[in-house]
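Notes follow the structure.
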Amino acid sequence: MTSPDGLFGRFGKEFPAGSVIFSEGEPGQVMYVIQTGRVRIVKHVPGGQRLLSQLGPGEFFGEMSILNEKPRTATAQALEDTRVLVLDGKTFESMVVGNTEIAVRLIRKLARRLDGANTLIEVLLEQDPRIRVILGLSRIAEEFGSRQGEGVYIPSTTQDLAAEVGLDESRVIEVLSRLVRLRILHAVPEGGWIVDDPARLQEFLEFVVSHRSGDS
């Protein structure tokens, strides 16, 4: 069995924090497996960018371009100093054929992506902006959030969230300000938000849904 250092010697590449690994629209002949560090995947949408995922060691990205032979559908950026394995289509195909675990992980990832797309469609179909914002927060918390004491840290700016839920940023700020006044969440200096009480956020969502009206 080839050691991790041996694999990095053959396929490895390093990206410093903040560097772009690939950009949306570029042709894609290779995929990446993260050894150390974190990577942010974002997609350009009207009004800004939408966070698709944040990935860590052991996870892979960029596989769709070598599977469907189409340009990159998103941009990948290193959030911190990152080491990856760079695999071309032939190498990836041989790994999938020869390793059941890799094939299962790929299927699970594609299933999560489809589930995430279905959830986003539900958010965008909602007419009440308050419900859109809360559902958007809940989705980001579930996909990318991390525990901070009793709360959950959400790595999203108001601009990111506005692009996520398809609303003007001013409308999103209005809803978030109300949640802050209710002490359900608060902004953090380094960026993003902490949902202080996820249960109260869910209760507020249920309240809004049960009392929805044409005036939002």
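The values are calculated or read from the model by the stated rules, or taken from the named source; none is laboratory data. In this text the structure is predicted, and so the values were computed from the model without any measurement. Please note: Cβ atoms are built from the backbone with ideal geometry, for glycine as well, and neighbour counts cover all protein chains shown.
I'd like to know if the range 57-65 contains one or more residues that are surrounded by fewer than 15 Cβ atoms within 10 Å (Cβ to Cβ), of a type outside the set (S, T, N, Q) and assigned to a helix (DSSP H, G or I). So far as the range 57-65 goes, no, none of its residues is surrounded by fewer than 15 Cβ atoms within 10 Å (Cβ to Cβ), of a type outside the set (S, T, N, Q) and assigned to a helix (DSSP H, G or I).
Here Leu124 fulfils each of the conditions (1) out of contact with any strand residue (DSSP E or B) (no Cβ under 9 Å at 6 or more places or on another chain); (2) at pLDDT below 85; (3) buried (at least 17 other Cβ atoms within 10 Å of the Cβ) apart from (3). Counting the residues of the range 66-93 that are assigned to a loop (DSSP other than H, G, I, E, B), over 20 Å from Ala163 (Cβ atoms) and out of contact with any Phe, Trp or Tyr (no Cβ under 9 Å at 6 or more places or on another chain) gives 4.
The residues of the range 87-103 that are under 15 Å from Phe61 (Cα atoms) and loosely packed, with under 13 Cβ neighbours inside 10 Å amount to a single one, Asp88.
Considering only residues of the range 156-215 that are among the basic types (Lys, Arg) and in a helix (DSSP H, G or I), which is surrounded by the most Cβ atoms within 10 Å (Cβ to Cβ)?
Selected residue: Arg171.
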